[in-house]
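Report on one structure; see the data block that follows.
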């Protein structure tokens, strides 16, 4: 009897120790700096994307409903809100607010690959919440739809999205990833690029440059015309823009080394 009781006691103690080790492991993971930092990045991306879509799409909707913003005002709003949010949370998450930018940064090893799904989910959630907020605040009729749909053909919208997102990612690569650039001007440069892109491509495709910006309104209002172009176009354009800038930077480095050696 004593042996049996002792074995039961030892088994219970072993189970308790195993349970404690699991709890300690979970506490260690949850309290690690990496998990906390990653959570901060994800929250920053969700908040940043929310306000980018809320302000930009809000300007589009208000202009269509009341006509008080005007097309130049819409373009300026997009540029200003991106600039503001870059300076607000850029030091926390990198201020992507855009799955195309996140995917491109992962390809060129600017962020860990394992963080990409969390970034994209946060961006989509931010866009969905912002789109839902606008639907609650404004009377969004089909004519006042604030998403992106091709004005002409879908192929025209696709080409426009590739070109303008190429320019956007080219500028982002220049001002945010190159040590020779003036870093504190990155928000202004990126915001101005978006504003210029909206001026040029807005009448053609709506100038999305951002799959999350297009997916959020489309899901909330169930408008899916040409949506694939606003997913494929920005991703292709962003990868191409980053590739070309990295190619130019790689060419410049040997030249600089040669100049230093000659001096």
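The values are calculated or read from the model by the stated rules, or taken from the named source; none is laboratory data. Remember, predicted model here, so these are calculated numbers, not experimental data. In this analysis, Cβ positions are derived from the backbone assuming ideal geometry, glycine residues included, and neighbour counts consider all displayed protein chains.
So residue 180 ticks every box in (1) assigned to a loop (DSSP other than H, G, I, E, B); (2) touching a residue at least 24 places away in the same chain (Cβ under 8 Å); (3) surrounded by fewer than 21 Cβ atoms within 10 Å (Cβ to Cβ) but one. Which box is left unticked?
Against the list (1) assigned to a loop (DSSP other than H, G, I, E, B); (2) touching a residue at least 24 places away in the same chain (Cβ under 8 Å); (3) surrounded by fewer than 21 Cβ atoms within 10 Å (Cβ to Cβ), residue 180 comes up short only on (2).
So which of 185, 158, 248 is farther than 22 Å from residue 83 by Cβ, assigned to a helix (DSSP H, G or I) and either modelled with pLDDT under 95 or touching a strand residue (DSSP E or B) at 6+ places or on another chain (Cβ under 7 Å) (or both)? Before you say what the answer is, go through the steps one by one.
Working: 185 fails: farther than 22 Å from residue 83 by Cβ; 158 fails: either modelled with pLDDT under 95 or touching a strand residue (DSSP E or B) at 6+ places or on another chain (Cβ under 7 Å) (or both).
So the residue among 185, 158, 248 that is farther than 22 Å from residue 83 by Cβ, assigned to a helix (DSSP H, G or I) and either modelled with pLDDT under 95 or touching a strand residue (DSSP E or B) at 6+ places or on another chain (Cβ under 7 Å) (or both) is 248.
Given the options 201, 189, 160, name the one that is more than 15 Å from residue 101 (Cα to Cα) and surrounded by 24 or more Cβ atoms within 10 Å (Cβ to Cβ).
Values: 201 fails: surrounded by 24 or more Cβ atoms within 10 Å (Cβ to Cβ); 189 fails: surrounded by 24 or more Cβ atoms within 10 Å (Cβ to Cβ).
Being more than 15 Å from residue 101 (Cα to Cα) and surrounded by 24 or more Cβ atoms within 10 Å (Cβ to Cβ) holds for just one of 201, 189, 160, which is 160.
Quick check: anything in the stretch 30-52 modelled with pLDDT under 55, farther than 30 Å from residue 190 by Cβ and in contact with a helix residue (DSSP H, G or I) (Cβ under 8 Å, 6 or more places away or on another chain)? Steps first, please.
Just the residues of the stretch 30-52 that are modelled with pLDDT under 55, to begin with: 30-31.
Now restrict to residues that are farther than 30 Å from residue 190 by Cβ: 30-31.
Right, trim to in contact with a helix residue (DSSP H, G or I) (Cβ under 8 Å, 6 or more places away or on another chain) and you get none.
No; the residues of the stretch 30-52 include none that is modelled with pLDDT under 55, farther than 30 Å from residue 190 by Cβ and in contact with a helix residue (DSSP H, G or I) (Cβ under 8 Å, 6 or more places away or on another chain).
Failed condition for residue 160, given (1) under 20 Å from residue 93 (Cβ atoms); (2) more than 17 Å from the chain's Cα centre (by Cα), with all others met?
It is condition (1) that residue 160 fails.
Let's see how each residue does on (1) touching a helix residue (DSSP H, G or I) at 6+ places or on another chain (Cβ under 7 Å); (2) closer than 22 Å to residue 162 by Cβ; (3) part of a helix (DSSP H, G or I); (4) without any contact (Cβ under 8 Å) to a residue 60 or more places away in the chain:
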site	(1), (2), (3), (4)
101	yes, yes, yes, no
109	no, no, no, yes
116	yes, yes, yes, yes
127	yes, yes, yes, no
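Taking only the stretch 56-68 into account, find how many residues are surrounded by fewer than 19 Cβ atoms within 10 Å (Cβ to Cβ), touching a helix residue (DSSP H, G or I) at 6+ places or on another chain (Cβ under 8 Å) and either free of Cβ contacts under 8 Å to residues at least 60 places away in the same chain or part of a loop (DSSP other than H, G, I, E, B) (or both). First the steps, then the outcome.
Here is the first cut: in the stretch 56-68, the ones surrounded by fewer than 19 Cβ atoms within 10 Å (Cβ to Cβ) are 63-68.
Filter once more, so that each one left must be touching a helix residue (DSSP H, G or I) at 6+ places or on another chain (Cβ under 8 Å): 63-65, 68.
From what's left, either free of Cβ contacts under 8 Å to residues at least 60 places away in the same chain or part of a loop (DSSP other than H, G, I, E, B) (or both): 63, 68.
Residues in the stretch 56-68 being surrounded by fewer than 19 Cβ atoms within 10 Å (Cβ to Cβ), touching a helix residue (DSSP H, G or I) at 6+ places or on another chain (Cβ under 8 Å) and either free of Cβ contacts under 8 Å to residues at least 60 places away in the same chain or part of a loop (DSSP other than H, G, I, E, B) (or both): 2 in total.
Check 169, 209 and return the single one that is modelled with pLDDT of 95 or more, on the phi < 0 side of the Ramachandran plot and either crowded, with 17+ Cβ neighbours inside 10 Å or not in a helix (DSSP H, G or I) (or both).
Numbers: 209 fails: on the phi < 0 side of the Ramachandran plot.
None of the other options fit; the residue is 169.
Is it the case, given these coordinates, that residue 146 is over 27 Å from residue 41 (Cα atoms) and buried (at least 23 other Cβ atoms within 10 Å of the Cβ)?
Details: over 27 Å from residue 41 (Cα atoms): yes; buried (at least 23 other Cβ atoms within 10 Å of the Cβ): yes.
Here the answer is yes, as residue 146 does meet what is asked.
Can you say whether residue 117 is surrounded by fewer than 16 Cβ atoms within 10 Å (Cβ to Cβ), under 17 Å from the mean Cα position of the chain (by Cα) and at pLDDT 95 or above, as far as the supplied structure shows?
Values: surrounded by fewer than 16 Cβ atoms within 10 Å (Cβ to Cβ): yes; under 17 Å from the mean Cα position of the chain (by Cα): yes; at pLDDT 95 or above: yes.
Spelling it out, residue 117 is indeed surrounded by fewer than 16 Cβ atoms within 10 Å (Cβ to Cβ), under 17 Å from the mean Cα position of the chain (by Cα) and at pLDDT 95 or above.
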